[in-house]
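The values are calculated or read from the model by the stated rules, or taken from the named source; none is laboratory data. This is a predicted model, so every value here is computed, not measured. Note that we place each Cβ from the backbone using ideal geometry, even for glycine, and neighbour counts take in every protein chain shown. What goes into the accessible areas is simple: the full protein's heavy atoms, side chains included, and nothing from ligands, DNA or RNA. Shrake-Rupley method; radii C 1.70, N 1.55, O 1.52, S 1.80 Å.
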Amino acid sequence: METLQKCHQVSFSNSQFWQTEDILNSKLAILSVQIGYVALFSHLFYVIFKPLHQPHLISHISVGFLLKATLLAKFPYIYNFLYPVNGVLNVEVLCNIGVIFYAFLSGLEMNLNTILYGHKKAASIAVSGIIFPVIMAPGLYALHRKFYVDSDLYKLEGSTGHAYLLWTLVLTVTGFPVLAHTLSELKLLYTGLGKTALTAAMISDTYSWILFILLVPFTINGPAAIYSVLSTVVFIVFCIFVLRPIIVRFIDRKTEKDEWDYDQLLFLGMGVFACSYITEILGTHGIVGGFVFGLILPHGRFADLMISVAGDFGSGFLAPLFFAGSGLRFALPIIFNQGHWPLTLLVVLLLCVPKILSTLFATSFFGMRTRDGLALGLLLNTKGAMALIMLNIAWDRKIITVPTYCVILSGVLLMTVIVSPVIDLVFKPRKRFEQNKLKTVQKLRADAELRIMACVHNTGHATGMIRIFESFNATRVSPIHVFAQYLVEFTGRGAALVAAHMQKPSSHPGDQNLTRTQAELKSITNTFEAFGEKYDAVRVETSNVVSTYDTIHEDIYNAANAIGTSLILLPFHKHLNSEGTVETNAVYKDINQNVMQGAPCSVGIFVDGDHGSVSKMNMRIIMIFVGGPDDREALAVAWRMAGHPGIKLLVVRILLYDEAAEVDSSIQDDARGLLFAVMDSEKQKEVDDDYISSFRLKAVNNDDSISYSEVDAHTAEEIPKVINKLEKIGCDLYIVGQGNCRNSQVFSRLLEWCDCLELGVIGDILASNSFGSRSSLLVVQQYGYGGMIFGKHHNHKNTNDDGSEQLVVKTE
């Protein structure tokens with residue numbers, strides 16, 4: 001194999017700005033091609049690896065591995081064009097600038113409150129994850145030296161002291177931004193496991209930076225590094241306690257007045273290079289200065305602005321060059337071109353063990369299951385930029401040789417690559433709730449706590465839903481626990497997602513200039529907390545869910561399953577603005593439909609017809625009952641509200657006869673036929689009669705607070721007429737079932753005319769009128785009979801695992 005070291009002649013001159021040749025004239029074009037090549041193929045590899053939930057880091061390294069001369073041996077002109085020997089130095093400069101910016105953005109997103117006041121469990125797991133690798137790493141390095149057979153070209157390092165130290169540091173690291181991406185992709189971010197992993201990873205990442213600052217200088221400067229460490233610590237203390245208050249006051253003043261422009265941000269960004277240059281002179285490394293500068297800048301709106309400006313430049317273009325360089329140096333055949341390669345592969349596998357063992361040891365003290373401890377250990381084994389930075393420092397300083405570099409990098413890649421597939425296969429976070437018992441309001445005991453998850457997009461949604469919660473008769477015997485979730489679209493870096501998840505807006509210095517998302521969360525939190533303080537029998541918890549809108553329903557599923565809710569309440573995608581006109585958000589509609597397809601509990605969609613109608617002390621509710629599990633769930637909700645002293649409830653049952661009662665056999669499987677459809681319809685009607693009889697016996701009384709009536713419908717035309725008559729009576733809130741389990745030809749035909757299929761036939765009719773009548777609407781879908789599938793205008797029934805039928809509405 002050809003040697004990796006090449007030399008070229010460089011002429012220096014002091015008579016011009018560039019000491020060598022003019023870079024802008026001679027090298028800018030090829031640098032642009034290199035950046036474009038890496039960015040393009042990184043995105044291509046990311047798309048290829050996306051089904052395996054691999055982070056961007058793996059795609060960046062894969063680009064470098066693709067560039068290797070051994071892989072492009074048949075195309076030497078391509079390789080020499082992309083990476084000419086005399087252009088490597090320019091690429092290295094950009095790589096270092098990129099990794100400095102990457103460290104700066106990492107510091108800008110770091111949440112110090114979580115680090116300083118983290119939970120005991122997460123902190124213990126993080127500390128344990130460092131101690132075990134420190135103990136085991138020297139033994140693994142000794143095995144590597146014993147098993148590897150030196151060749152004439154590639155030999156092991158002669159001096160082992162510094163190599164021991166770097167090997168140990170790499171094994172202690174957890175890649176916090178990479179782990180955040182992994183948890184988001186696996187939809188574990190808002191589970192108990194995910195929260196513990198996030199906090200432990202953030203604490204571990206901070207400890208890794210501390211170890212980097214304290215120990216890496218000794219691998220570079222030897223015993224004299226004690227002066228480098230002390231001077232760096234003094235510089236960091238100066239930045240935090242002297243420089244930070246000055247910068248924070250200046251930045252907050254300009255941010256509050258919204259005076260920033262790109263020139264000013266660019267000037268402030270020069271501080272990254274200034275701090276990096278100082279720490280480089282002090283003998284540590286430039287990335288320490290970049291990280292510290294990001295750490296001392298204020299969070300909130302300014303950090304969001306800075307990330308939006310510098311994020312794509314640092315993380316999207318320059319940092320991939322650095323990571324691609326790691327792949328370019330990765331000579332995998334070296335491992336197999338020596339006699340004891342199976343033993344060397346064993347060492348690579350053993351490198352994955354210390355972090356997992358340490359996590360299992362720590363979680364056992366907190367009573368966690370072995371299965372969860374193993375999953376947490378795999379997650380914390382994720383490596384990131386810090387591990388690669390340490391390896392590249394060791395390479396550049398010749399602390400380790402090519403064989404050691406390839407072995408440890410193989411272990412780092414293996415740890416990171418296997419996490420997502422193994423967790424997705426073993427832990428199965430998306431399917432666990434399917435095995436749980438039914439979670440419905442109807443099945444809930446009257447004296448049990450009603451748990452509701454309220455998903456909102458803004459404060460207006462929160463205000464409207466609180467009026468619904470006030471309608472429930474919350475007592476000490478039958479309390480209510482509301483879990484408010486602020487749904488936020490994720491469009492930035494993985495660590496920014498985690499910062500939004502773990503950090504709530506505060507009034508600390510430097511945090512008062514909140515981002516739009518933080519300000520909205522603070523307003524929503526205050527709204528729900530005021531509601532919780534008003535009632536003794538109501539508990540409220542508020543958090544945010546940050547994810548892409550395409551998959552945010554999976555985060556809602558997992559959060560609802562972990563909490564054990566009986567009802568998920570969603571806002572309708574149409575609402576009245578302050579001017580009285582209707583505004584529509586199609587994205588909210590897609591989220592609602594996705595949630596209804598597979599939620600682990602019952603789902604309600606709230607149509608807020610008027611900002612003041614539902615808040616009245618004396619409220620009139622009309623519940624329209626036709627039949628089926630959704631209507632029974634809607635009646636259960638109305639029944640629970642009827643206990644409120646200020647509510648009058650009217651339950652109207654529409655009885656279908658003649659044409660209106662005809663069974664729609666097309667929704668059944670052909671093998672089952674019309675007879676099965678009729679039998680199922682009769683069974684559902686029998687259950688409906690029993691539940692209505694129970695309601696009339698237990699709830700209907702003589703004080704007119706709860707009343708019941710029946711209306712006959714013989715044709716399809718009579719159903720809208722019945723609803724119009726009810727609207728003339730007038731009410732503040734309608735409660736109806738979504739009705740996706742009705743075997744009726746009439747409703748199947750009416751469904752074809754619906755604009756909002758998630759509301760069902762009756763809900764769609766009422767929603768179209770509610771904005772004019774100022775009446776609100778609550779549409780309920782019961783869990784356990786299948787969710788809505790939006791494909792084509794066609795209804796059919798599926799069978800659940802327990803043998804019960806589910807009606808699925810398809811529209812395309």
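Here are the numbers:
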| quantity | calculated |
| --- | --- |
| Residue that is modelled with the lowest pLDDT, among those in segment 579-602 that are of a type in the set (Gly, Ala, Ser) and closer than 13 Å to GLU554 by Cβ | GLY598 |
| Helices (runs of 4 or more DSSP H) (entirely within segment 315-390) containing at least 1 residues that are under 26 Å from the mean Cα position of the chain (by Cα), hydrophobic (A, V, I, L, M, F, W, C) and closer than 21 Å to THR182 by Cα | 319-329, 353-364, 370-380 |
| Whichever residue in segment 443-472 is crowded, with 21+ Cβ neighbours inside 10 Å and in a loop (DSSP other than H, G, I, E, B) and, among such residues, is modelled with the lowest pLDDT | PHE472 |
| Extreme residue, surrounded by the fewest Cβ atoms within 10 Å (Cβ to Cβ), among residues of segment 293-306 that are closer than 16 Å to ASP258 by Cα and not charged (D, E, K, R) | LEU305 |
| Complete set of residues in segment 296-314 that are in a helix (DSSP H, G or I), farther than 23 Å from LYS383 by Cα and hydrophobic (A, V, I, L, M, F, W, C) | ILE296, PHE302, ALA303, LEU305, MET306, VAL309, ALA310 |
| Residue under evaluation HIS481, criteria (1) under 21 Å from SER523 (Cβ atoms); (2) open to solvent by less than 20 Å² (accessible area, probe 1.4 Å), criterion not met | (1) |
| Any chance LEU409 is under 23 Å from ASP205 (Cβ atoms), surrounded by fewer than 23 Cβ atoms within 10 Å (Cβ to Cβ) and in contact (Cβ under 8 Å) with a residue 40 or more places away in the chain | no |
| Selected residue (only one of ASP732, ASP764, ASP755 is at pLDDT 65 or above, of a type in the set (Asp, Glu) and in contact with a Ser or Thr (Cβ under 6 Å, 6 or more places away or on another chain)) | ASP732 |
| Any chance GLY290 is assigned to a helix (DSSP H, G or I), surrounded by fewer than 22 Cβ atoms within 10 Å (Cβ to Cβ) and not aliphatic (A, V, I, L, M) | no |
| Among residues of segment 497-548, those that are in a helix (DSSP H, G or I), closer than 22 Å to GLY194 by Cα and modelled with pLDDT of 90 or more, counted | 0 |
| Residue among LEU171, LEU156, LEU143, LEU166 that alone is in contact (Cβ under 8 Å) with a residue 60 or more places away in the chain, out of contact with any Cys (no Cβ under 6 Å at 6 or more places or on another chain), of a type in the set (A, V, I, L, M) and open to solvent by 50 Å² or more (accessible area, probe 1.4 Å) | LEU143 |
| Qualifying residues in segment 750-769 (those that are of a type in the set (D, E, K, R) and in a helix (DSSP H, G or I)) - the one least open to solvent (accessible area, probe 1.4 Å) | GLU758 |
| Test for ASN701: is it open to solvent by 50 Å² or more (accessible area, probe 1.4 Å), outside any helix (DSSP H, G or I) and polar (S, T, N, Q) | yes |
| Subset tally (residues that are surrounded by fewer than 24 Cβ atoms within 10 Å (Cβ to Cβ) and farther than 16 Å from TYR557 by Cα) for segment 182-191 | 0 |
| ILE61 being out of contact with any Ser or Thr (no Cβ under 6 Å at 6 or more places or on another chain) and either open to solvent by 90 Å² or more (accessible area, probe 1.4 Å) or at pLDDT 75 or above (or both) | no |
| Scope segment 321-356; condition more than 16 Å from LEU413 (Cβ to Cβ), open to solvent by less than 10 Å² (accessible area, probe 1.4 Å) and either of a type in the set (Ser, Thr, Tyr) or at pLDDT below 85 (or both); matching residues | LEU321 |
| Failed criterion for GLY194 (all others in (1) open to solvent by less than 20 Å² (accessible area, probe 1.4 Å); (2) under 30 Å from the mean Cα position of the chain (by Cα); (3) without any contact (Cβ under 8 Å) to a residue 40 or more places away in the chain; (4) farther than 30 Å from THR359 by Cα hold) | (4) |
| Hits in segment 704-727 - residues which are at pLDDT below 85, surrounded by fewer than 16 Cβ atoms within 10 Å (Cβ to Cβ) and of a type in the set (Asp, Glu) | ASP704, GLU717 |
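Quick grid of which residues meet (1) in contact (Cβ under 8 Å) with a residue 60 or more places away in the chain; (2) open to solvent by less than 10 Å² (accessible area, probe 1.4 Å); (3) not in a strand (DSSP E or B):
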| position | (1), (2), (3) |
| --- | --- |
| ILE621 | yes, yes, no |
| ASP631 | yes, yes, yes |
| ALA634 | yes, yes, yes |
| VAL637 | yes, yes, yes |
| ARG640 | yes, no, yes |
| GLY643 | yes, no, yes |
| LEU649 | no, yes, no |
| ILE654 | yes, yes, no |
